[in-house]
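As structure tokens, the structure follows; a few thoughts come after it.
Throughout, read-outs are computed from the coordinates displayed, never taken from laboratory work. Quantities reported herein were computed from a predicted structural model and do not represent experimental measurements. So basically every Cβ, Gly included, is an ideal-geometry build from the backbone, and we count neighbours across all protein chains shown.
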Amino acid sequence: MGTAGVKCLKITSPSIFSRRILPSTFRAAAPGYVKTRLFSTAEGDSPSPEPVSLATPPKPLPQQARVVVCGGGVVGLSVAYHLAERGWTDVVVLEQGKVTCGTTWHSVGLVSTMKATRTDMAMTRYSADLYKQWEAEGEGVGWKQCGSLNVARTLDRMIHLKRQHAVAKTMGVESQVVTPAEIQDICPVLRVDDLQGGLWIPGDGALTAPDVAMVFSRKAKAKGVQVIEDVGVEKVITENGRVSKVVTSAGNIKCEYFVNSAGLWSRELGKRTDPRRVNVPLHACEHYYLVTKPITGTNPLMPVIRDYDGYVYFREWNGGLLGGGFEPSPKPCFHQGPPDKFEFQLLQEDWDHFQVLLTEILHRVPAMETAEIRQLVNGPESFTPDSRWLLGETAEVANYFVATGMNSSGIAGAGGVGKQVADWIIDGRPSLNMWAYDIRRFIGHHNNKRFLRDRMQESFPATAVLKYPREEYTTGRKLRCSPLHTRQEVAGAVFGETMAYERAMYFKLDDDDSPENEDRRMWTYTKPMWFEAAQEEYWACKERVCLMDMSSFAKFELESASEEVVDFLQKLCSNDIDVDIGTIVHTGMQNKYGGFENDTTIARLDHNHFYMICPATQQSRAWTWLARHMPQDGSVHLRDVTSMFSGINIIGPHAQQLLADVSDISTSRSDFRPMSCKKIDVGSASGVWAMRLTHTGEDGFILYIPSEYALHVYDILMSAGKDYGVRNAGYYALRHLRIENFFAYWGLDLDDRTTPMECGRGYRVKFDKGDFIGKAALEQQRDHGVNKRFVHFQLEDYDVNLDLWPWGGEPIYRNGRNAGLTTTCGFGFALDSMVCLGFVRDFDDKGVEQILKNSNDFVMKDAKYEIDIAGTRFPAKPSIYTPKQNVTYVDPSFIPAPQKV
Amino acid sequence: MYRWVKVNPFDGKHAKVVETWCRTISTAMPKRNKASGANLIRFKLRNARIPDAVQSPRLTPQMVTSILRMNEEAVEESYGPVRSYVKNQLQSNKPIEDRSAQGHLVHGSASLFGVFDGHGGCACAQAVSDRLLSYIAVAMAEHDILAAINNGKLDPTTDLLQHIGDTNRLVNTDLATVHKQSLANFAAEAMAIAHFDGESVKDALVSAFLRLDRDIVTEALPSNLQGGSMDMSCYFDTLAIAFSGAVGCVAYIDGTDLFLANVGDTQAVLGVHNDNRWEAVPLSDTHNADNPSEVERITRCHPNEAPNIIKNRRLFGELVPLRAFGDVRYKWTKTDLKHLLNTKQIPKHVMSVFGDNLIPHKYRTPPYLDAEPEVMHHILTPKDKFLVIASDGLWECLSPDKVIQLVAGHLDGQQVLVNYKPNEGATLKEVNEVLSNRRVSLKNRALDSNTATHLLRSALGPDHGQVSAQLTLPQPIVRFYRDDITITVIFFDSEYIKDKDIKHTR
């Protein structure tokens, strides 16, 4: 078994997984015509599974290949298939056991297109279309278009479904909001008296998972891909930070690209990279489902039911029913890594653990009460810290791709994932926006084994448990704390977590805990309980002065002996960074398509020394982009100084005076210009970098303080600021300020498929400074138009207290036609209206993006906008510049500075 | 060291001892446990120099567990109505003065379980645990077996009783010879006078107890030394046995008959499951000053001496139990005791072990103490699930009700330790009902799989800090906190009893 403490079961007959039975089930060609063979094999006569190997018979391992894919599960095979489809046939798939033997073989085989985001939906729809097409071609994947029915017990779940429905509509995915009575009609076996309603998706279906993998394998092999079984990858060898060869149990293969699709094993495989280990943060967790013996009267085309308020799902299976789920308090497994040999095996079933789900199953489908058990299946599956797939090139090693961490939706995802990863390998970027799945969203700590195990308590149930917008995780908290953390805690801070960094989101008001606020909720679709607190902080930033802890921002230092670093940055940045010492530049770093690979604030500290600030979430991605483009001669030195410096943002009209009081410098606008920086002393602390910018559009400073001095500086500012009305502020205030001021944030609004020209930052692109990456693409856009345009919307006829809030991802309608989705939203206190930021596109009838020749006119002229929040459309007033706010400032420049003695 | 130093720690004499270790006693909460009649003395020690032992445990959880499990024992052999038994022991005295013994009668189907609590040293408890079950076996033996013993065909010490579980038997062969001879005499007399007729188990138990005590008392008489029947070291051993003492409780289980013979303050409590409720049924009375009928019994035997005998809730202000084996200081005549003091062969220091005043003050009409057991008879029903026999060390910490709750909870939790597998053909509804019930039981899953260890942990803590503090008490003062604890839990086979029950009623 290899792993102490883990009980593994070799499945024994009779089993639902006999290979003899599996591929032959559900030969449903089209709705109405079903050739399902009800399970009739006599008990006990099914042989123990001797997997019929459809892979290549043993032959010597090739000496080299362009791409080596590790893992013969449905995902790995799909990647190989899609590579071959695009003509890359020099591909080898290595499987340590037999094809599908890890997780694919015990997959339930549900294909649902109703997912959290538009990209999710696009990928699963691609998969569904592919499988349907195969079934039509006679490939036999057991596709059964039974539709699926997601039901809601609570009003919040109903809102969730309606939000999904709204997005699905923009993509042409057919779905319908249904009442309990309609649910009863669609699926009579369901108990509906406690339901609020549901969402009916007729295009969804179910299939036989291993058959899909077999078709991928067959089709890939027909194009020349080699699928080799019983060969395990022992090591991946890298040279100069790139994949060079793969050491296997049967010899070495030289290769250009490596794809880690090892499922449960991928974390351990990542560690076996030489000389630099690759972090693949996922953990295995036990997943249960129950299969009953045939129940008379079961409709073979019964839709797939998801009753996620009770954590459970159902499908028809061989005349019986299959019910499984994603329970809270799951059981993580294989903490010490999965055993090397775990082929067609299950884990010991724990009925006591399953009881929670069983109760819910019987509650929703009372007909199952009299059913007998066929088998309880406990199969391990892998889950990631944020319940999203792990895709793309790793930060650590170039050409090392991952396609793993499928979070129990491997079959639905496999088609789309294979396609995107294949495109990613061939084109250097995927054809859809993979930002949310990019493995570079994680940093080293995410690969901590105990963190992963703890996080399973949230990422496993996440499939079922309703996650509210911006809801924070509760596990894996208090890992990275700024020096100000305890001070903030005492001040009533409520923290959120970004890259494990604890950040104060807001500070509780005195009456927050009063009985009137008892029923207000932190996580909700409507006005959250932090609203008033954020409002107080907002106005303090606008009218007085606030301190905000910005320590979580990723910080890098770049240096060289002479001016090599300038050349390096000039090549990467689209803005001109060859500026006077002490000047700060906002700049993007573009990829060859002009998209943002990095959006950063660079301060020139010296002629050969730069200080760079990036969003906290992009620490890994920003580093990777810089490191991959470093001059090979080692002339430029890059350091990650995130942990060395703490950041305090002093925001507001009184910031200038406050900083002057505690330092010995003049902070007047003429002496300390906006977008400039100085090394100053604050209180008794030296070596503080003060920069006149705030990331919010308000006046103020960010102080980057060597961490051990941060508390001193904070205390000095707090006591000196007493008469200026200084207070703490959190990220909600920051977010509202920047959204209202129309500041786009990289990672939230901007991604690698957005160019500066599209988000109103063309002025930051200096075409005349010489060559830089992405220049050609940006010139093309400048001369011929952009694909989309970043727009500031103010909702009209909207009541912030009563209406559902927009949270990002809401469809935008231009003259009744879908024009894209919002990215981030927040209430504009000065504008006194709800503000949504988002990109407006021009889709033709087929849903293809058109080039906007004159984007200003397209956005502003003859256009009426609506934003759809869970089915309700609110009129929206567009703007392509920061709207004028009705706020009168006391301009601090008119206040005489105190006389220095 | 002596049982009779178990006094109120707040009295003048001993306060100093306590105070040398801890400067202040911040909270004093002497509690009186009415249900068990035992003194429950708990107080928290706080000291300026030594960190609070509860807040800052000096033992790791692993160390605590290994200490608690050192003496645990579990025997899963079904024998008649006994499905299994578990036991455990924790010492306070050094060496421990508690003993326990278990066995089956070779002739017949009865099982015997005994728990013995010694005082004034462990010699008497050791002797009683070695010998008493054999005495009972002889008292229960029918005529032809007794005859076989007299013929020498059967060895009364080995052939009548099959010991089970761990036993620490006596190794001194000379002493064993003496003991064996006494037992053989008992067998011979039993055959002659009143051999067992299969009916009066109660009488047999009483006679075995009394006979053993009589033998202990007479073996130590100085005349044995002078008569030359024993060598010096062997005689000293018999003296040590006779001058120390022991109380004890023996359960005799045969079919649905359960007899409980008790001497002193060990207790036996039956766990009865009645209409989904657990009930504690005590099967013994404690023989100490808290028991008015015991006090009355003694004073009736010694009229006009009442104020002299029971002082400070103790016999002569010294001894807690009012019935006991050994303790010849309260049994021999004044003459015998004086004679012993004057016997030249016995060096003075040997006797000084038993105190300066060997003869109690106002010692007029001995014997004041005997070992006649109180025997209770109970017919087992399928509702009787287990029997807990334990020395007073346990009952001072936990009430019988609490003990029964703990064992029942543990039993419940143990049931779900076994992985559930649905029966072939069970419907999901049935499966879910079983699982829902198990769900309740899952909360009872305990740290220790041994019920006796579970009780022991609960008695000391159950929190880690408390258990650690109890286990790290320094030797001179540990006796102020707890006595030796010995726990035997016997689990009954309800199916067996049900069968017997039906046959019985027919």
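Quick rundown of the values:
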item	result
Number of partner chain Cβ atoms within 10 Å, mean per residue of A:69-81	0
Neighbour net charge for A:ASP427 - beta-carbon separation under 14 angstrom, K R +1, D E -1	+1
Residues A:LYS169 and A:SER684, FRET efficiency given R0 of 56 Å [Cβ-Cβ distance, rounded to 0.05]	0.40
Using distinct alpha-carbon pairs, which all enter the 1/r mean, Kirkwood radius of region B:121-246 in Å	15.0
Net charge, A:ARG388 excluded, C-beta distance under 11 Å - Lys, Arg +1, Asp, Glu -1	-1
Order of A:CYS759, A:CYS546, A:CYS101 - criterion: other Cβ atoms within 10 Å of each residue's Cβ, fewest first	A:CYS101, A:CYS759, A:CYS546
Using distinct alpha-carbon pairs, which all enter the 1/r mean, Kirkwood radius of the protein assembly as shown in Å	38.2
Exposure proxy ranking, count of Cβ atoms within 10 Å, fewest first, for B:MET230, A:MET612, B:MET70	B:MET70, B:MET230, A:MET612
Inter-site label distance for A:ASN299 and B:HIS361 at 7 Å from Cα along Cβ, in nm	9.6
Set of aspartates and glutamates with alpha-carbon distance to A:LYS508 below 13 Å, sequence-local pairs under 8 removed	A:GLU489, A:GLU532, A:GLU536, A:GLU537
Chain B - percent relative contact order, Cα under 8 Å, separation 6 or more	23
GluC sites (Glu not before Pro) within region A:765-859: DSSP coil, no more than 16 neighbouring Cβ in 10 Å	A:GLU796
Cα-based reach from B:LYS344 at 27 Å (exclusive), listing lysines while leaving out same-chain residues under 8 positions away	B:LYS331, B:LYS334, B:LYS362
Gyration tensor verdict on chain B (Cα atoms; rounded if a/c is under 1.5, prolate if a/b is larger than b/c, oblate otherwise)	oblate
Region A:444-548: C-alpha gyration tensor shape, a/c 1.5 cut-off, then a/b vs b/c	oblate
Footprinting exposure proxy for A:TYR724, A:TYR308 (fewest neighbouring C-beta atoms within 10 Å first)	A:TYR724, A:TYR308
Candidate aspartates and glutamates - alpha carbon under 18 Å from B:LYS180, same-chain residues fewer than 8 apart omitted	B:ASP130, B:ASP155, B:ASP159, B:GLU189, B:ASP213, B:ASP215, B:GLU219, B:ASP231, B:ASP237
Inter-site label distance for A:LYS846 and B:GLN475 at 7 Å from Cα along Cβ, in nm	9.5
Centre separation in Å (Cα based) which lies between region A:294-332 and region B:250-264	57
Cα Rg, Dmax, region A:400-462, angstrom units	13.4, 37
Inter-label distance, nm, simple model (7 Å from Cα along the C-beta direction), A:MET675/B:ASN308	11.2
Part-to-part distance (alpha-carbon centres) for region A:207-270 and region A:618-646, which is given in Å	30
Distance violations [Cα-Cα > 31 Å] among A:LYS219/A:LYS846; A:LYS254/A:LYS766; B:LYS87/B:LYS311; B:LYS311/B:LYS385; A:LYS115/A:LYS341	A:LYS254/A:LYS766; B:LYS87/B:LYS311; B:LYS311/B:LYS385; A:LYS115/A:LYS341
Residue mean of other protein chain beta carbons inside 10 Å, B:414-422	2
Calculated FRET efficiency for the pair B:GLU495/A:GLU369, C-beta based, R₀ 30 Å, to 0.05	0.50
Formal net charge of residues neighbouring B:ILE216 (Cβ-Cβ distance under 15 Å; K, R +1; D, E -1)	-1
Ratio Rg/Rh, restricted to region A:569-642 and using Cα atoms, in which Rh is the Kirkwood radius	0.93
Shielding score for B:426-437, defined as the mean number of other chain Cβ atoms within 10 Å	6
Largest-first ellipsoid semi-axes for region A:503-621, taking √(5λ) over the Cα gyration tensor eigenvalues, angstrom	41, 17, 12
Calculated [θ] (222 nm, deg cm²/dmol) that DSSP helices of n ≥ 4 give over the protein assembly as shown, each run adding -39,500 (n - 2.57)	-8500 deg cm²/dmol
Pairs from A:LYS419/A:LYS853; A:LYS679/A:LYS769; A:LYS555/A:LYS775; B:LYS383/B:LYS500; A:LYS331/A:LYS449 whose Cα-Cα separation, in the structure shown, is over 19 Å	A:LYS419/A:LYS853; A:LYS679/A:LYS769; A:LYS555/A:LYS775
23 Å Cα-Cα threshold exceeded, pairs from B:LYS94/B:LYS402; A:LYS788/A:LYS864; A:LYS144/A:LYS293	B:LYS94/B:LYS402
